Amino acid sequence: MRNSVFPSLGDSLRNQANFTRADEQDDALFYSRDRLVSHLDSLASGTIVDLIDRLVVEENPEILDLMASWDSHIPARLRSCKINGLGMNETELKQNRDLSEYVVHDLNRDGRLPFPDGSFDVVLNTVSVDYMTNPVEVFREAARILKPGGLFLVVFSNRMFPEKAVKIWRESSEEERILLVEEIFRETGAFDATEFFISKGRPRPADDKYAGSGTPSDPVYAVYAEKSGKDASAKSRPRARSIMEGEMNKEMLETKKRRIHKTLECPYCDEKMLKWAVPENPFEATWENEYLYICFNDNCPYYVRGWDHVYRTTSRIASYRFMYNQEKDICSPIPVPSAKALRESIID
Ligand SMILES: C[S@@+](CC[C@H](N)C(=O)[O-])C[C@H]1O[C@@H](n2cnc3c(N)ncnc32)[C@H](O)[C@@H]1O
């Protein structure tokens, strides 16, 4: 069985100092200003709509958009469903055409959700989990108001109001935030195993105001789980397991690996690998060759997915990069504890 809790992450969740913000004034003050803006670029917003469409398998679900604004990213198929919204700004909520009802409620003042037990099939939380000062309480409440087997989908990116985001979020890397949200789910003890979604490294849409800045489209991450206690005999379409967007099929991957000695391109992301000098270390056995080739692309799916894989299998925060030994024509992973690791020996 998987080693369930990574102690330092669990401890971090229980340390209230990690949930302080640069702006500790009443949230009502910050959110009194109407923000009828898009928080993500159009490609990322579309990715969220598609993800909701994919994961909400219920026929006519009752949905809560937790921490809602003017857009709930609801796919056309679900627009006629009963959708409730909870947020801070009434003007934004009023403009939200997806919502059938809404309530203004400050979760950081009162983490209890103003809904009866088991009243929703789906709870969505989009680009807002970083503002929760008591996330375990709120996630527990999400479980309470969900029906058994109901979906809690927490979506996030890397943009934020930094003054209102909690300290631990600001100080974590994007990969660590996935682990953090997974840990919040686990800490409640009320959900089945979490799954994740990652979509990153895609080109920024040409119509975006930051197009041409060299930055890719806003990444979309999600962690989701079903409330425990689902009736196993109930007939429903199973929800998708963890998803990495843009995964290629095995055959294509093998073809790329066969050509790697010529291309020196990472078969997972097609970026040129960099020549890396094997460090001389008299105390540790290393490789016999002088040089290896490593993919240093931080958006490479092999490396991005590695964070979750290593954590799930070893409870350690680390990943691995794709490595190629040209002399022996062998591919293998090389473990890395951080994005910076190994870079000092790049010679290309
Ligand atoms: C970045 S916006 C995201 C809005 C929306 N979910 C979306 O996907 O566009 C953050 C939202 O979190 C909500 N929010 C922030 N602090 C909150 C609090 N203390 N209680 C309830 N909602 C809060 C605000 O109303 C705001 O709409």
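Values quoted throughout were computed directly from the atomic coordinates according to the rules given, and no laboratory measurement underlies them. Since the structure is predicted, the reported quantities are computational estimates derived from the model, not experimental observations. In this analysis, Cβ positions are derived from the backbone assuming ideal geometry, glycine residues included, and neighbour counts consider all displayed protein chains.
With bins 20 Å wide beginning at 0, the percent of Cα pairs of the chain falling in each bin runs 27, 54, 18, 1. Summing charges over neighbours of Asn108, with a neighbour being any other residue whose Cβ is under 11 Å away from its Cβ, gives -3 when K and R count +1 and D and E count -1.
At a Cβ-Cβ separation cutoff of 4.7 angstrom, cysteine residues of the chain with no neighbouring cysteine are Cys81, Cys331. Here the relative contact order of the chain, from alpha carbon pairs under 8 Å that lie six or more residues apart, stands at 15 percent.
Suppose R0 equals 45 Å. What FRET efficiency, 1/(1 + (r/R0)^6) with r the Cβ-Cβ distance, do Asp34 and Asp348 give to the nearest 0.05?
On the way: r = 51 Å, r/R0 = 1.13.
Efficiency, from the Cβ-Cβ distance: 0.35.
The order of Cys295, Cys266, going from fewest to most other C-beta atoms within 10 Å of their C-beta, is Cys295, Cys266.
Apply 1/(1 + (r/R0)^6) to the Cβ-Cβ distance of Arg54 and Asp298, taking R0 = 30 Å, and write down the FRET efficiency to the nearest 0.05. Intermediate values should be presented prior to the final figure.
Working: r = 26 Å, r/R0 = 0.86.
Plugging the Cβ-Cβ distance into 1/(1 + (r/R0)^6) gives 0.70.
Between the amide H of Met273 and those of Glu265, Cys266, distances stay under 5 Å, these residues lying 5 or more places away or on another chain, with hydrogens modeled in the peptide plane. Between Ala165, Ala17, Ala68, the GNM of the chain built on Cα springs shorter than 10 angstrom shows Ala17 fluctuating the most.
Out of the DSSP beta bridges found with both residues in the range 7-244, what percent are antiparallel (nearest 5)? Mind dumping the intermediate values first?
Details: 12 of 32 bridges.
If I count the DSSP bridges inside the range 7-244, around 40 percent turn out antiparallel.
Per DSSP H run of n ≥ 4, the term is -39500 (n - 2.57); total these for the chain, divide by its residue number, and report the mean residue ellipticity at 222 nm rounded to 500 deg cm²/dmol. Before the final figure, lay out the partial values.
Numbers: 10 runs with 88 residues, N = 348.
So the calculated ellipticity at 222 nm is -7000 deg cm²/dmol.
Projecting label points 7 angstrom from Cα along Cα→Cβ for Thr20 and Ala76 puts them 5.0 nm apart. How high is the FRET efficiency between Lys256 and Asp106 when r is their beta carbon distance and R₀ equals 56 Å, given to the nearest 0.05? Computed FRET efficiency for Lys256 and Asp106 comes out at 0.65.
For Gly150, the residues whose modelled amide H falls within less than 5 Å of its own, excluding neighbours fewer than 5 places apart on the same chain, are Lys227.
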